[in-house]
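To keep things clear, I will list the structure first and then write my remarks on it.
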Amino acid sequence: MKFVAEINVMPLKALLDPQGKAVTAGMKNMGLPEITNVRIGKHISLEVEADSENEAAKKVESACKNLLANPIMEYFEFEIQKV
């Protein structure tokens, strides 16, 4: 079976996010001071072949832990759907 995983990788909340801070400052300069606390991350979409949704989730989690996210600085979350 084929599954699609939608993964979000974000900086840990306890860490400074320089990109987010720069965008927040830019919002104020654009006249949008009501937009605050911007955090910048990445979104990854991938397909995975697996016998079950549970097996697909294990493969995606392994990919996230070992390659797609840096656990020292980032956390991840994902959703899986059967194609």
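The values are calculated or read from the model by the stated rules, or taken from the named source; none is laboratory data. Computed from a prediction, not measured in an experiment: that's the story for all the values here. Neighbour counts run over all protein chains shown; Cβ positions are idealised from the backbone, glycine included. Each accessible area value is taken on the protein alone, full model and side chains, heavy atoms only, with ligands, DNA and RNA left out. Shrake-Rupley method; radii C 1.70, N 1.55, O 1.52, S 1.80 Å.
Give me the percent of the accessible area of the chain that comes from carbon and sulfur atoms, probe 1.4 Å, all protein chains in place. Could you put the intermediate results ahead of the total?
On the way: 3280 of 5840 Å².
The nonpolar share, carbon plus sulfur, comes to 56 percent.
Once every DSSP H run of n ≥ 4 in the chain is given -39500 (n - 2.57) and the sum is divided by its residues, what mean residue ellipticity at 222 nm do you get, rounded to the nearest 500 deg cm²/dmol? Mind dumping the intermediate values first?
Numbers: 2 runs with 23 residues, N = 83.
Value at 222 nm, helices only, nearest 500: -8500 deg cm²/dmol.
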> Any idea of the accessible area per residue across the stretch 28-80, 1.4 Å probe, to the nearest Å²?
Replying inline: 74 Å²
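Using the Cα centre as the reference, give the magnitude of the dipole from point charges on the C-beta atoms of the chain (Lys, Arg: +1; Asp, Glu: -1; all else neutral), rounded to the nearest 20 debye. Mind showing how you got there, number by number?
Working: 10 positive and 12 negative charges, 82 e Å.
Magnitude of the dipole: close to 400 debye.
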> Quick one: which of K42/K65; K13/K42; K2/K58; K13/K82; K42/K82 span more than 19 angstrom between C-alpha atoms?
Replying inline: K13/K82; K42/K82
>> Just to be sure I understand, if you calculate Cα extents along the principal axes in Å for this structure, which of (1) 59, 18, 10; (2) 51, 27, 14; (3) 40, 35, 25 do you get?
In response: (2)
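Calculate, for V23 and M73, the FRET efficiency according to 1/(1 + (r/R0)^6) with r their C-beta to C-beta distance and R0 22 Å; round to the nearest 0.05.
Numbers: r = 18 Å, r/R0 = 0.82.
Computed FRET efficiency for V23 and M73: 0.75.
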>> What do you get for the angle between helix 18-29 and the principal long axis of the chain? Use alpha-carbon atoms, 0 to 90 degrees, nearest ten.
In response: 50 degrees
>> Within 15 Å, Cβ to Cβ, of I72, how many net charges do the neighbouring residues add up to if Lys/Arg are +1 and Asp/Glu are -1?
In response: 0
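Sorted by accessible area with a 1.4 angstrom probe, largest first, how do T36, T24 fall?
Values: T36 75, T24 20 Å².
Reading off the accessible areas and sorting them downward yields T36, T24.
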>> Quick check: Cα centre of the stretch 43-57 to Cα centre of the stretch 1-21, how many Å?
In response: 18 Å
> What does the accessible area of L67 come to, in Å² to the nearest 10, when a probe of 1.4 Å is used?
Replying inline: 140 Å²
